[in-house]
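S.K.: Below: one structure in structure tokens.
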């Protein structure tokens, strides 16, 4: 255990020194392997074998589909559609941002993609209509992590494969928490802006005008809204595996972007392909080294030792869950959601199974916690990415961010942790898991 903690300390120091995540974990994995006397020639083939598994092929395919749909002009159409419902009330543009981030998550499965696609449009638009810049930036940052909870979620794919769980069940586990958090963020947005007199609101339309606007924007967004229905319908209808559904998503996204929305050109298709390959390559490099480290940890029985250490602190399931939540939050603050998913599966999944906690319930706990960690200072990768879009100093958006997290995301972490049926209801209903 001491050698593992030393290796993780080296990884954390390297990350804080802004060494790329893949190299940080690669150095940590090799250091831990050599310190424990394991044969690296045994561990490297294991890393290749795990990374080349058929199930993991869903990862690059969903990334490619998300990039294609983002390039194809989907974000603008989704925004216009949601805006036709709530855009003409005070604070409505903020609710549009939250809802669109959730819907975009159902297509891209990536928080960073949600910030890039939605944040670049909505932050300037909210500021033009009188929203405080800090509020607009914080809202986009916090809403972006809904992409981790609304399937298809890339971190959930990685967590499921690493932990040997059903990808479909893990997807379902975060749907209800994701919808609840979406509504909470919408409510908090309205509450925080209730007394702000600087916000400009478009005049309301008559009923016929609203119906016409909803019909028009809904028609324009139809093919974008159809994509998650096709993907999830294929998975839960037993038509396709998650990997096959990801391939269907790519095949669907190309003609929609090229010929229907026409936001995608043959030139931008090539650029999107390069971007997806680059993103996939960087993620796979991280996963390869994490798989090596995870195998070395298992050989050294680190998960078993950690379980015993936690059980020595307390044998109360609730206390252990609170401790694990704190550790997951710290992991989410230090590393990206993909790396955090692997670490959570390797380190904590054996612990929770010993405690009799359902692994699919734990998948939801991981998803909600990593989302919180990704926007929690000091590291907060998604928070700083949103700040980069708005070009604001941290001190101008940190306060509204903490308000959203303390009154929205943190309570949802506790609700998901202590009410298992919230995450298990849909997997039991649709997949019959026990």
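S.K.: Give 4, 54 a once-over and let me know the one that is buried (at least 16 other Cβ atoms within 10 Å of the Cβ), over 18 Å from residue 338 (Cβ atoms) and within 28 Å of the chain's Cα centre (by Cα).
M.R.: 4
Per-residue answers, yes or no, for (1) in contact with a strand residue (DSSP E or B) (Cβ under 8 Å, 6 or more places away or on another chain); (2) farther than 17 Å from residue 59 by Cβ; (3) surrounded by fewer than 21 Cβ atoms within 10 Å (Cβ to Cβ):
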residue: 341; (1), (2), (3): no, no, no
residue: 347; (1), (2), (3): no, yes, no
residue: 353; (1), (2), (3): no, yes, yes
residue: 356; (1), (2), (3): no, yes, yes
residue: 365; (1), (2), (3): no, yes, no
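S.K.: Give me the residue from region 233-254 that is in contact with a helix residue (DSSP H, G or I) (Cβ under 8 Å, 6 or more places away or on another chain) and over 19 Å from residue 60 (Cβ atoms) and, out of that set, surrounded by the most Cβ atoms within 10 Å (Cβ to Cβ).
M.R.: Going through the qualifying residues, I end up with 236.
S.K.: Here's a follow-up. Does any residue of region 104-120 turn out to be over 30 Å from residue 268 (Cα atoms) and part of a helix (DSSP H, G or I)? Working first, answer last.
M.R.: Restricting attention to region 104-120, the residues satisfying the condition of being over 30 Å from residue 268 (Cα atoms) are none.
So far as region 104-120 goes, no, none of its residues is over 30 Å from residue 268 (Cα atoms) and part of a helix (DSSP H, G or I).
S.K.: Counting just the residues of region 356-386 that are modelled with pLDDT under 80 and assigned to a loop (DSSP other than H, G, I, E, B), which one comes out nearest to residue 16 (Cα to Cα)?
M.R.: So the first thing to find is which residues in region 356-386 are modelled with pLDDT under 80, and the list is 377-381.
With the extra rule that they be assigned to a loop (DSSP other than H, G, I, E, B), the set shrinks to 377-380.
Values: 377: 13, 378: 10, 379: 8, 380: 12 Å.
Here the answer is 379.
S.K.: Quick one: which helices (runs of 4 or more DSSP H) sit completely within region 185-261 and have at least 1 residues that are at pLDDT 85 or above and closer than 30 Å to residue 412 by Cα?
M.R.: Passing ranges, in order: 222-236, 242-255.
S.K.: Being over 16 Å from residue 184 (Cβ atoms) and either in a helix (DSSP H, G or I) or modelled with pLDDT of 90 or more (or both) is true for just one of 433, 398. Which residue is that?
M.R.: Among 433, 398, only 398 is over 16 Å from residue 184 (Cβ atoms) and either in a helix (DSSP H, G or I) or modelled with pLDDT of 90 or more (or both).
S.K.: Would you tally the residues in region 404-414 being over 18 Å from the mean Cα position of the chain (by Cα) and surrounded by 16 or more Cβ atoms within 10 Å (Cβ to Cβ)?
M.R.: Adding up the residues that qualify gives 0.
S.K.: Please enumerate the residues belonging to region 16-28 that are surrounded by fewer than 19 Cβ atoms within 10 Å (Cβ to Cβ) and touching a helix residue (DSSP H, G or I) at 6+ places or on another chain (Cβ under 9 Å).
M.R.: Within region 16-28, 16, 17, 19, 20, 23, 27 qualify.
S.K.: Which of the following residues is within 30 Å of residue 120 (Cα to Cα) and without any contact (Cβ under 8 Å) to a residue 24 or more places away in the chain: 397, 384?
M.R.: 384
S.K.: I'm told residue 319 meets every condition in (1) free of Cβ contacts under 8 Å to residues at least 60 places away in the same chain; (2) surrounded by fewer than 16 Cβ atoms within 10 Å (Cβ to Cβ); (3) within 25 Å of the chain's Cα centre (by Cα); (4) part of a helix (DSSP H, G or I) except one. Can you identify the failing condition by its number?
M.R.: Single failed check for residue 319: (3).
S.K.: Follow-up. Please work out if residue 168 is within 18 Å of residue 97 (Cα to Cα), at pLDDT 85 or above and buried (at least 18 other Cβ atoms within 10 Å of the Cβ).
M.R.: No: the conditions fail for residue 168.
S.K.: Provide a single number: the residues in region 262-303 that are assigned to a loop (DSSP other than H, G, I, E, B) and closer than 30 Å to residue 42 by Cα.
M.R.: Quick first cut of region 262-303, residues assigned to a loop (DSSP other than H, G, I, E, B) only: 262-265, 300-301.
Of the ones still in play, those that are also closer than 30 Å to residue 42 by Cα are 300-301.
Looking only at that region, the number is 2.
S.K.: How many residues are closer than 16 Å to residue 9 by Cα and at pLDDT 80 or above if we restrict to region 295-327?
M.R.: Matching residues across region 295-327 total 1.
S.K.: Looking at (1) buried (at least 24 other Cβ atoms within 10 Å of the Cβ); (2) farther than 25 Å from residue 229 by Cβ, which one does residue 101 not meet, given that it meets all the others?
M.R.: Going through (1) buried (at least 24 other Cβ atoms within 10 Å of the Cβ); (2) farther than 25 Å from residue 229 by Cβ one by one, residue 101 breaks only (2).
S.K.: While we're here: Among the residues of region 401-430, count how many are part of a loop (DSSP other than H, G, I, E, B) and free of Cβ contacts under 8 Å to residues at least 12 places away in the same chain.
M.R.: Residues meeting the conditions: 1.
S.K.: While we're here: Going by the conditions given, is residue 90 closer than 30 Å to residue 241 by Cα, over 20 Å from the mean Cα position of the chain (by Cα), surrounded by fewer than 24 Cβ atoms within 10 Å (Cβ to Cβ) and modelled with pLDDT of 80 or more?
M.R.: no
S.K.: So, one more: Write out, first by first residue and then by second, each pair whose Cβ atoms fall under 9 Å of each other, whose residues are 6+ apart or on separate chains, and whose first residue, in region 103-129, is at negative phi and free of Cβ contacts under 8 Å to residues at least 40 places away in the same chain while the second is part of a loop (DSSP other than H, G, I, E, B) and crowded, with 24+ Cβ neighbours inside 10 Å.
M.R.: Note: pairs meeting the criteria are 125/131.
S.K.: Suppose we filter region 258-279 for residues that are over 21 Å from the mean Cα position of the chain (by Cα) and surrounded by 13 or more Cβ atoms within 10 Å (Cβ to Cβ); how many remain? Steps first, answer last, please.
M.R.: At the first step, the residues of region 258-279 found to be over 21 Å from the mean Cα position of the chain (by Cα) are 258-271, 273-274.
Okay, now just the ones that are also surrounded by 13 or more Cβ atoms within 10 Å (Cβ to Cβ), so 258, 260-261, 263-265, 268-269, 271, 273.
So the answer is 10.
The values are calculated or read from the model by the stated rules, or taken from the named source; none is laboratory data. These numbers were taken from a predicted model, which means no experiment stands behind them. Because the Cβ atoms are built from the backbone with ideal geometry, glycine has one as well, and the counts that use them run over all protein chains shown.
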